[in-house]
1. I need the full set of residues from region 202-253 which are among the acidic types (Asp, Glu), over 13 Å from residue 341 (Cβ atoms) and within 16 Å of the ligand (Cβ to nearest atom), in order please.
2. Of the residues in region 91-111, how many are in contact (Cβ under 8 Å) with a residue 40 or more places away in the chain and either open to solvent by 10 Å² or more (accessible area, probe 1.4 Å) or closer than 23 Å to residue 220 by Cα (or both)?
3. Only one of these conditions is not met by residue 140: (1) closer than 29 Å to residue 301 by Cβ; (2) small (Gly, Ala, Ser); (3) over 15 Å from the mean Cα position of the chain (by Cα). Which number is it?
4. Between residues in region 294-319 that are among the acidic types (Asp, Glu) and residues that are crowded, with 23+ Cβ neighbours inside 10 Å and assigned to a helix (DSSP H, G or I), which pairs lie under 9 Å by C-beta distance while being six or more apart or on different chains?
5. Restricting to region 28-74, name every residue that is in contact (Cβ under 8 Å) with a residue 12 or more places away in the chain, within 16 Å of the ligand (Cβ to nearest atom) and acidic (Asp, Glu).
6. Examine region 178-185 for a residue that is open to solvent by 70 Å² or more (accessible area, probe 1.4 Å) and either modelled with pLDDT of 90 or more or part of a loop (DSSP other than H, G, I, E, B) (or both), and state whether such a residue exists.
7. Residues being away from the ligand (no atom under 16 Å from the Cβ), under 15 Å from the mean Cα position of the chain (by Cα) and open to solvent by 10 Å² or more (accessible area, probe 1.4 Å): count how many of those fall in region 296-340.
8. Exactly one of these conditions fails for residue 51: (1) of a type in the set (Gly, Ala, Ser); (2) surrounded by fewer than 21 Cβ atoms within 10 Å (Cβ to Cβ); (3) more than 25 Å from residue 155 (Cβ to Cβ). Give me its number.
Amino acid sequence: MNDEKQMNIEIIGTGRALPSKKVSNDDLAARIDTSDEWIRSHTGIGSRYIADEDIACSDLAAEAAKNALAMAAGYTGDDPAERDKAAAEIAGTIDMIVLATATADYFGTPSTACIVQDRICARNAAAMDITAGCTGFVYGLETAAGLLSINSRRKRALVIGAEVLSRMINWEDRGTCVLFGDGAGAVVVEKSGKNSGILQTLLFADGSGSESLVMRRGGTRNPFKKGEVIDTPICVEMNGQEVYNFAVKAITDTVEALMKAGNISIDNIVRIIPHQANARIVQAARRRLHIPAEKFYMNIEEYANTSSATIPIALDELNRSGQIKKGDLILTVGFGGGLTYGGNIIIW
Ligand code: UT7
């Protein structure tokens with residue numbers, strides 16, 4: 001029914017971090033040629049959180065990580081000093097940090113994961129970033145599970161999805177800038193003998209679609225040139241319609257493939273957590289799959305698309321609010337730049 005090695009990689013803590021500034025559709029409409037009506041009707045988005053200028057990806061990632069670590073250590077309160085104390089108790093036991101992001105603190109090196117490792121004092125942890133677009137957390141979970149499984153000395157890992165997309169957006173392009181928000185989510189995973197954890201993961205990629213969602217400038221393909229005037233940030237360029245069609249199929253195919261690989265009926269799944277790029281994408285996929293709307297957890301209205309942070313933020317919301325319980329079967333499904341897609345089935 002499943003891969004024995006992955007059966008006992010269990011999530012023992014979840015956390016999230018959002019910037020304090022919430023920006024509504026009306027706030028955006030005051031600056032660019034758009035409207036609350038257009039954004040809501042085309043995407044389901046009502047607001048998004050935007051990081052202040054002095055906040056980078058690692059800042060949000062470290063906060064989410066501390067919240068997940070504190071929960072793993074048994075603390076779920078909201079006293080910052082107590083939270084930090086609990087997180088510090090367990091940080092030294094983390095063997096690996098896998099951080100998924102498309103909006104790293106620095107280009108190339110150092111990895112944002114290394115900055116987080118230092119910030120949370122996870123002195124025994126190896127650390128690396130992975131780039132898998134909005135599927136980054138799904139890829140990250142499988143990477144961490146694999147790295148724990150392959151070496152008996154490794155026991156615990158931290159998997160983080162963190163983004164400051166607001167800094168990689170052309171704020172004059174209304175076709176993209178209204179879609180994205182900033183945030184981070186994290187989980188602590190542990191090797192355990194219990195009959196819970198990651199039951200099944202499937203990862204896919206279709207690089208032939210790489211141009212349909214791309215940050216074109218700044219890399220070795222299109223480096224900045226001497227004397228060039230840079231007056232827009234390195235920003236996301238997207239062929240919306242192409243990505244939309246890909247996304248509907250990606251959700252449908254991934255859910256069907258996970259059901260088959262896990263030999264599970266959709267009736268057994270308590271919650272589906274889809275990547276939230278556009279509520280219409282999820283609606284179209286769920287109609288194709290004939291799955292009732294209530295099964296899909298949606299929070300795009302508040303957060304917009306936070307890329308690799310979307311799924312761990314949703315997991316933390318569901319977990320802390322008691323909407324998922326021990327033994328529940330959860331399905332995650334991601335899709336995004338690369339193009340990448342994939343999902344996990346998790347026994348909570
Ligand atoms: O995380 C994964 C990455 N992203 C995605 O999965 C996104 C996938 N794509 C989408 O969600 C949708 O394609 C969009 C939301 C990006 C666009 O929705 P659409 O229904 O495909 O709109 P469209 O691009 O066909 O544009 C329709 C009209 C255009 O005007 P005209 O040419 O018909 O006069 C656009 O200029 O809507 C206009 N428009 C806007 N109007 C007001 C585009 N953006 C806006 C806007 N406000 N923000």
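The values are calculated or read from the model by the stated rules, or taken from the named source; none is laboratory data. Predicted, not measured: the structure shown is a model, and the values here were computed from it. All Cβ positions, glycine included, derive from the backbone under ideal geometry; neighbour counts span all protein chains shown. For accessibility, only protein heavy atoms count, side chains too; no ligands or nucleic acids. Shrake-Rupley method; radii C 1.70, N 1.55, O 1.52, S 1.80 Å.
1. Taking region 202-253 first, the residues among the acidic types (Asp, Glu) are 206, 211, 228, 231, 237, 242, 253.
Now restrict to residues that are over 13 Å from residue 341 (Cβ atoms): 211, 228, 231, 237, 242.
Passing the criteria: 211, 237, 242.
2. Restricting attention to region 91-111, the residues satisfying the condition of being in contact (Cβ under 8 Å) with a residue 40 or more places away in the chain are 93-105, 107.
Applying the additional criterion that residues be either open to solvent by 10 Å² or more (accessible area, probe 1.4 Å) or closer than 23 Å to residue 220 by Cα (or both) yields 93, 95-96, 99-105, 107.
Counting residues in region 91-111 that are in contact (Cβ under 8 Å) with a residue 40 or more places away in the chain and either open to solvent by 10 Å² or more (accessible area, probe 1.4 Å) or closer than 23 Å to residue 220 by Cα (or both) gives 11.
3. The one condition residue 140 does not meet is (3).
4. 316/64; 316/67; 316/68; 316/71
5. Residues satisfying the conditions are 33, 36.
6. If we filter region 178-185 for residues that are open to solvent by 70 Å² or more (accessible area, probe 1.4 Å), which is where we start, we get none.
For region 178-185, residues open to solvent by 70 Å² or more (accessible area, probe 1.4 Å) and either modelled with pLDDT of 90 or more or part of a loop (DSSP other than H, G, I, E, B) (or both): absent.
7. 2
8. (2)
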